[in-house]
1. Report the residue count in region 230-254 for those that are hydrophobic (A, V, I, L, M, F, W, C) and open to solvent by less than 40 Å² (accessible area, probe 1.4 Å).
2. Can you tell which of 445, 480, 451 is touching a Ser or Thr at 6+ places or on another chain (Cβ under 6 Å), more than 16 Å from the ligand (Cβ to nearest atom) and of a type in the set (A, V, I, L, M)?
3. So how many residues does region 190-205 have that are of a type in the set (A, V, I, L, M) and surrounded by fewer than 16 Cβ atoms within 10 Å (Cβ to Cβ)?
4. Quick check on region 255-263. Is at least one of its residues in contact with a strand residue (DSSP E or B) (Cβ under 8 Å, 6 or more places away or on another chain), part of a loop (DSSP other than H, G, I, E, B) and loosely packed, with under 15 Cβ neighbours inside 10 Å?
5. List every residue pair whose Cβ atoms lie under 7 Å apart, where the two residues are 6 or more positions apart in sequence or sit on different chains, the first residue falls within region 107-135 and is under 27 Å from residue 155 (Cβ atoms), and the second residue, located anywhere, is open to solvent by 60 Å² or more (accessible area, probe 1.4 Å).
6. Within region 367-391, count every residue that is open to solvent by less than 40 Å² (accessible area, probe 1.4 Å) and free of Cβ contacts under 8 Å to residues at least 24 places away in the same chain.
7. Return a yes/no flag: does region 438-448 have any residue that is crowded, with 17+ Cβ neighbours inside 10 Å and in a loop (DSSP other than H, G, I, E, B).
8. Among residues belonging to region 264-291 that are over 16 Å from the mean Cα position of the chain (by Cα) and buried (at least 24 other Cβ atoms within 10 Å of the Cβ), point out the one that is farthest from residue 97 (Cα to Cα).
Amino acid sequence: MSRKRSTILEELRERDRDLQLIYHSIALLQWDQETGMPKRALHERSEQLSLLEGIAHERLASKEMGELLCEAGSTSENPGGGHDIPHGDYVFLRALRREYDRAVKIPKRLVTELAREISAAQSVWAEARENDDFPSFAPHLEKLITLNREKSRALGLGEHPYDALLDEYEPWMTTAKVDKVFGNLKKELVTLVQELHEFAHVDDSFLHSSYPLPQQEALNRRILSDMGYDFDRGRIDVTAHPFTTAVGSDDVRITTRYKEHTFTSAFFGTVHEAGHALYELGIDDEYKTSVLGEGSSLGIHESRSRTWENMIARSIPFWRRYYSVVKEFFPSQLEDVTLSNFIKAINKVHPSCIRIEADEVTYSLHIILRYQLEQALVKGDLSVKDLPAEWNRGMEELLGIRPKNDGEGVLQDVHWSMGAVGYFPTYALGNLYAAQFYSTMWDDLGDVDTLVLEGKFYRITEWMRTRIHRYGKAKTPAELLKDVTGEALKAEPFIRYLRDKYTQIQEM
Ligand code: ZN
């Protein structure tokens, strides 16, 4: 490498580092807003956030940044800049170029218009959902779809107008690839849900009892430390909607929410968020405070949380070990509940209208519905006014049920009101990635069930760290999947995992 190029890269790294410091500061302000900010601070907080976001955007989209990237050999067509570049520089340039292109290609007017429309749409959506009033939200959704189409054109990626939108959340993924795997997934899941219909009658009434919050909190701290979540590098707080946020490489915080009448909601929610946090905390130090120092994509991120939540914490061996622990926290509530009843109850398969309450088997069908609809909206094959009817028809086709109203139907999720079109598929991609990685983990570690039964979670965390977490954004989702599993994205391992699991549960 010429002296000159190394100087250029050094300057780019410095600029990137400053950007990450600003992003982490933004994350801290947002975390504070959700967890403990006094109510009247809202107005000033919005000003603080928009100032920092503006500064970050200006720096990222600056002329100097563009020039430096070009000088380093990075172009839109060849973001990593040629094969003679050392690998570490190649992946850095590729990731930074991607951020830069997204920042400069979308015109400022569009960014402002989107922000304005989202802020208007959100309050209208919340009220519309409350009152089952889709028509009042429709004009806002119409506008947001139009703006998203414009955004897609500005980014000019891929063959399908949905490609550029999907790419925002799942870098380098295409609509064609998702169509193909979701097609298989849909067919298999619809059959599986029918086969497992008797699971809808499992008695889970004991999960709805009185579960005092102090015990729930203590149980959550116990599972977090068993999973290896480091309280010196993070913390847990309570918010209305649980999330994980990285305030720095050594400060990855999670939140949860408690319901007095059921402990499983906070328990599995906490395990889920801790799965996200372990990912961020497991990224190699060399990527600290850089564009590479975060998860590869939302789908890969979701695969980390779902492995912990569903594949480990809802498994038979996990509860063979953990049921006695949980019974110490809730002795009277679970007194007459056998282990087998308990496991069946937390794995109940039950087609329902609400995505966030869906079980592991039906969940991806909720996603496939949203994916099909938003693609049709973007393409112009479906008009917003016909959306509720199409939604209900899709629910009937995929899950055999119909929402009673739009509040529990088309209006249930916040994503579209936030202008986030292309986000939904990452949830189901997470399930697929998770099963593919899980299968390789068995190949590498041998009998994973026994490790879980013996509480050797550190072996699992260590495997995830070495094979997946450490790379951060240095590997694209497809590269990571290929390197770990030797394969491309597919639905079969997930279906196989579900079939094996439910066969075992049926035999209990
Ligand atoms: Zn998640």
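The values are calculated or read from the model by the stated rules, or taken from the named source; none is laboratory data. Quick caveat: nothing in here was measured; it's all calculated off a predicted structure. For neighbour counting, all protein chains shown are included, and Cβ atoms are generated from backbone atoms with ideal geometry for every residue, glycine included. When the accessible area is computed, the model is the full protein with side chains, heavy atoms only, and any ligands, DNA or RNA have been set aside. Shrake-Rupley method; radii C 1.70, N 1.55, O 1.52, S 1.80 Å.
1. So in region 230-254, the residues hydrophobic (A, V, I, L, M, F, W, C) come out as 231, 236, 238, 240, 243, 246-247, 252, 254.
Next, from what is left, pick out any that are open to solvent by less than 40 Å² (accessible area, probe 1.4 Å): 236, 246-247, 252, 254.
Final tally of qualifying residues: 5.
2. Values: 445 fails: touching a Ser or Thr at 6+ places or on another chain (Cβ under 6 Å); 451 fails: touching a Ser or Thr at 6+ places or on another chain (Cβ under 6 Å).
Only one candidate passes the filter, namely 480.
3. So in region 190-205, the residues of a type in the set (A, V, I, L, M) come out as 190, 192-193, 196, 200, 202.
Remaining after also requiring surrounded by fewer than 16 Cβ atoms within 10 Å (Cβ to Cβ): 200.
Of the residues in that region, 1 qualify.
4. Just the residues of region 255-263 that are in contact with a strand residue (DSSP E or B) (Cβ under 8 Å, 6 or more places away or on another chain), to begin with: 255-258.
Keeping just the survivors that are part of a loop (DSSP other than H, G, I, E, B) gives 257-258.
Now drop any that are not loosely packed, with under 15 Cβ neighbours inside 10 Å, which leaves 257.
Yes, because at least one residue in region 255-263 is in contact with a strand residue (DSSP E or B) (Cβ under 8 Å, 6 or more places away or on another chain), part of a loop (DSSP other than H, G, I, E, B) and loosely packed, with under 15 Cβ neighbours inside 10 Å.
5. Here the result reads 117/143; 118/418; 122/418, each pair linking region 107-135 to a residue that is open to solvent by 60 Å² or more (accessible area, probe 1.4 Å).
6. The initial filter retains those residues of region 367-391 that are open to solvent by less than 40 Å² (accessible area, probe 1.4 Å), namely 367-371, 373-378, 382, 384, 387-388, 391.
If we keep only those that are free of Cβ contacts under 8 Å to residues at least 24 places away in the same chain too, we end up with 373, 376, 382, 391.
Counting residues in region 367-391 that are open to solvent by less than 40 Å² (accessible area, probe 1.4 Å) and free of Cβ contacts under 8 Å to residues at least 24 places away in the same chain gives 4.
7. Within region 438-448, the first condition is being crowded, with 17+ Cβ neighbours inside 10 Å, and the residues that meet it are 438-441, 448.
Checking which are in a loop (DSSP other than H, G, I, E, B) leaves us with none.
No, region 438-448 contains no residue that is crowded, with 17+ Cβ neighbours inside 10 Å and in a loop (DSSP other than H, G, I, E, B).
8. Among those residues, the one meeting the criterion is 283.
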